[in-house]
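So the structure is just underneath, and the comments pick up after that.
The values are calculated or read from the model by the stated rules, or taken from the named source; none is laboratory data. Just so you know, these numbers come straight off a predicted model, no measurement behind them. Positions of Cβ are generated from backbone atoms using ideal geometry, with glycine treated the same way; all protein chains shown enter the neighbour counts.
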Amino acid sequence: MLAPRVRDLVAAVAAALPDGGAELRAQLVAATVADGGATHLDVTVPDESPRLEHPDGPLPTVATVVDDAGELVGEVQVWVRDGLMVGVEQTWYGDTPPTGWPDLAHVRVG
């Protein structure tokens, strides 16, 4: 199972997809973490899950991360392969990587 913060982030990305991300939201129910940490998660979902109609790679939705002052500090990307979510990645701008996943209040999806 994905941690609540990560689930919320992926759900926000799904909601911004053209069709509301129904397939991605359905995958969230059974998604598990295979490996990862504070900046990258390898995710597995059952093969029988509904599949996204999207080429392999990151989804086009931009989820930017801001600090308390509203300054841009990074992004969150959701990766898919063969229509299934395979990863969640957090990039950062600066020298110090994040130590955890951002709260949804610090994320702007669009």
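Within segment 65-80, can one find any residue that is touching a Pro at 6+ places or on another chain (Cβ under 6 Å) and over 23 Å from THR99 (Cα atoms)?
Within segment 65-80, the first condition is being touching a Pro at 6+ places or on another chain (Cβ under 6 Å), and the residues that meet it are 65, 77, 79.
Add one more test, that the residue is over 23 Å from THR99 (Cα atoms), and what stays is none.
Among the residues of segment 65-80, not one is touching a Pro at 6+ places or on another chain (Cβ under 6 Å) and over 23 Å from THR99 (Cα atoms), which makes the answer no.
Go over the candidates GLU23, GLU48 one by one and state the one that is acidic (Asp, Glu) and in a loop (DSSP other than H, G, I, E, B). I'd like the intermediate steps shown before the answer.
Working: GLU23 fails: in a loop (DSSP other than H, G, I, E, B).
After applying the criteria, what remains is GLU48.
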| If you go through segment 35-48 one residue at a time, how many are more than 16 Å from ASP8 (Cα to Cα), surrounded by 11 or more Cβ atoms within 10 Å (Cβ to Cβ) and out of contact with any Leu (no Cβ under 6 Å at 6 or more places or on another chain)? | 5
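Can you tell me how many residues within segment 11-20 are over 18 Å from GLU75 (Cβ atoms) and in a helix (DSSP H, G or I)?
Taking segment 11-20 first, the residues over 18 Å from GLU75 (Cβ atoms) are 18-20.
Still in the running and in a helix (DSSP H, G or I): none.
Qualifying residue count, segment 11-20: 0.
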| said: Looking at the structure I just gave you, is GLY21 modelled with pLDDT of 95 or more, surrounded by 12 or more Cβ atoms within 10 Å (Cβ to Cβ) and on the phi > 0 side of the Ramachandran plot? | reply: no
| task | Sort through ASP8, ASP68, ASP35 and tell me the only one that's in a loop (DSSP other than H, G, I, E, B) and of a type in the set (Asp, Glu). | result | ASP68
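Counting only residues that are under 13 Å from the mean Cα position of the chain (by Cα) and among the small types (Gly, Ala, Ser), how many does segment 58-73 have?
So the count comes out to 1.
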| query | Counting just the residues of segment 1-57 that are farther than 18 Å from GLN90 by Cβ and of a type in the set (D, E, K, R), which one comes out nearest to the chain's Cα centre (by Cα)? | reply | ARG25
| Say we look at segment 60-87 and pick out the residues that are touching a helix residue (DSSP H, G or I) at 6+ places or on another chain (Cβ under 6 Å) and under 21 Å from GLY20 (Cβ atoms); which of these is surrounded by the fewest Cβ atoms within 10 Å (Cβ to Cβ)? | THR61
| remark: Note on segment 78-110: residues assigned to a loop (DSSP other than H, G, I, E, B) and without any contact (Cβ under 8 Å) to a residue 12 or more places away in the chain are ASP95, THR96
